[in-house]
């Protein structure tokens, strides 16, 4: 039975003993008299930067070796648990819903690679999959490639990263993160015997590539402190790792490197890039001891990536095309002087990636409605947009993140892609590029979902500078209130990563309890092309925050949201987004969910030893430059907390997080507690066994998600007095 606004009414009454009159937002909750939040001690630290002073009273929290730090984090965790105890039945109810949705038996569509068909299977209730294969022949026996449940046994954290079979099919190389800190170990397993021949090459980033002989493995090593991928090494299978040979080193701290094989399998591609500039080297895969050769020397402002099929080099580049175009060049002369345009730029629509074949080219295009796929027949350059089941959604050929397999063989005439939309669980399709027919191969199990009970709509919000900000809204039809509903706004707005309208089964636990869910497509993403990204980064970063505020105001003005129960949620750079908006307009939001939020921006961007810092100066600004320092300091959430009322907050961190260190949200929460003038609830939870992405496994994040959603439901009940 669906849970609607009545649940909010009943839940608030049961869990908080509320009367029909909503309490004052500044009133002390009765539970506060019995359970007081932790108080972090202050230091006298004052930093002097560009002739100005910047107090940092909670800098001591960055010292993870200080026992007072773990004591404080444990005290915050204990406080949060006590505060959540009254809504534990609701948390358990939502957690059960999420487990039921995620824990079904499931299998991927087999894909072909090197004469084998590979498949991933989840058993009922399993945290991890088993990856199997069989030869593409009748009655071929099945082999286990990776039994991830067995490999993960005994490990509190086991995050399988990239894995690839060797060209001869005998071995599989795979990377594992055992803590969540992105410090991967590289393993090689003999598929037939199960023997692990390499027991874990350390300092591995998430990229590697076999040479054609299947005996040589190229892999990337990270810097030990910053975790920047900076070196490419050559390893001979079966020999000690201390005999490996470094074949490339990236000395510019603003660049990181990656390595992989071309689609043809004939080249090893070494990519060194930053946000505005890139450079590719390549090496014939059958000559692994030769030196890598540059394809096109780096020059500031030129981004490109290459692939190879047949005798042609395919190039995706922003050369004279901010939204990217696709070029070709002869294999013998791959440099920019020989690039010829194949797919022109379409302003406002970013070409996100390309997938070349012998006779066809596919590419993903992003705009404000999501992603769609196009296919071109190379013989006559006849192109078509691949059909998709909804106008708003994400269709992509990229299976590396969140998907499994496809498009590995250059001679294929069938393109595999996946599609997802707010009301459409992920589907896997095959598009026959010759006949141009579409076949559904798999749909993510979701027997619990009745899509017709819900609706998706698109509105726009007007930013202060007149820009129109798209908003994707999802709601349950029967629970839509004329006067507005409790509403959760989610956003990100950084690095050109858009807030993509995809299916998220956790959202339905809010929709079924009367919430409206709104995706804010703020500047900083790529929804309206590279311009949209540039207008939300660096010196223009403030646009992201005012865009989010404009979205909140529009939702209230158009009666999607009741102003008494308007919430915002963001993670990582999205946590920065909602935290900065809370500083600018704390009266707009009833509550904020900030997951592993990037909130101590001046401190982090000023320290080049912190992971990712040097790679991201282009995105945020370099504090060594006085003008960029002033810009960052003007909006950095930690440095702009004031003595005023703030929204209620639920904040998370990961002890092993190397992308946003636990200290950032810890310092932010401590300063908020000491400075704010209201008594609204702040919950701060640090997962002492996880990193940036939370617990590993299919069910790893269920508990945290359930707590956040139950907290939102309870806060909505308190705010509306229902």
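I'd like the orientation of helix 573-584 relative to the chain: the angle between its Cα long axis and the longest Cα principal axis, in ° from 0 to 90, rounded to 10. Orientation of helix 573-584: about 30 degrees from the principal axis. Measure nothing fancy, just the Cα-based angle from helix 702-720's long axis to the longest principal axis of the chain, in degrees from 0 to 90, nearest 10. Value to nearest ten degrees: 30.
At a Förster radius of 60 Å, what calculated FRET efficiency corresponds to the Cβ-Cβ distance of residue 559 and residue 291, to the nearest 0.05? Provide the component values of the computation, followed by the final result.
Details: r = 65 Å, r/R0 = 1.09.
Using R0 = 60 Å, I get an efficiency of 0.40.
Compared with the alpha-carbon gap, the fully stretched path from residue 105 to residue 385 is longer by 97.5 nm at 0.36 nm per residue. Projecting label points 7 angstrom from Cα along Cα→Cβ for residue 136 and residue 153 puts them 3.4 nm apart.
If r is the Cβ-Cβ distance from residue 46 to residue 644 and R0 is 25 Å, what FRET efficiency results, to the nearest 0.05? Kindly include the intermediate steps, with their values, before the conclusion.
Details: r = 23 Å, r/R0 = 0.91.
Efficiency for this residue pair is about 0.65.
Show that you can apply the helix-only estimate: for the chain, add -39,500 (n - 2.57) for every DSSP H stretch of four or more residues, divide by all residues, and state [θ] at 222 nm to the nearest 500. Numbers along the way, then the final one.
Numbers: 13 runs with 138 residues, N = 722.
Helix-only estimate at 222 nm: -5500 deg cm²/dmol.
By how many degrees, 0 to 90 and rounded to 10, does the Cα axis of helix 88-102 deviate from the longest principal axis of the chain? Approximately 20 degrees, to the nearest ten. Between the range 362-388 and the range 229-265, the alpha-carbon centres lie 34 Å apart.
Give the percent of DSSP beta bridges with both residues in the range 464-550 that are antiparallel, rounded to the nearest 5.
Values: 5 of 11 bridges.
Taking every DSSP beta bridge within the range 464-550, about 45 percent pair in antiparallel fashion.
A straight chain from residue 246 to residue 196 at 0.36 nm per residue would run longer than the Cα-Cα distance by 15.7 nm. Considering only alpha-carbon pairs that sit under 8 angstrom and 6 or more positions apart, the relative contact order computed for the chain is 13 percent.
Counting other C-beta atoms within 10 Å, which of 65, 311, 252, 59 has the fewest, and how do the rest follow?
Working: 65 6, 311 10, 252 13, 59 18.
Ordered from fewest to most neighbouring Cβ atoms within 10 Å, 65, 311, 252, 59 come out as 65, 311, 252, 59.
What is the extension gain from residue 455 to residue 377, computed as 0.36 nm multiplied by their sequence separation minus the C-alpha to C-alpha distance, in nm to one decimal? Walk me through the numbers before you get to the answer.
On the way: separation 78, 0.36 × 78 = 28.08 nm, distance 3.67 nm.
Result for the pair: 24.4 nm of gain on full extension.
How large is the Kirkwood hydrodynamic radius of the range 109-225, counting all unique pairs of alpha carbons, in Å?
Radius from the Kirkwood sum: 15.0 Å.
Values quoted throughout were computed directly from the atomic coordinates according to the rules given, and no laboratory measurement underlies them. Here the structure is a predicted model, which means the values were calculated and not measured. Don't worry about glycine lacking a Cβ; one is built from the backbone with ideal geometry, like all the others, and counts go over all protein chains shown.
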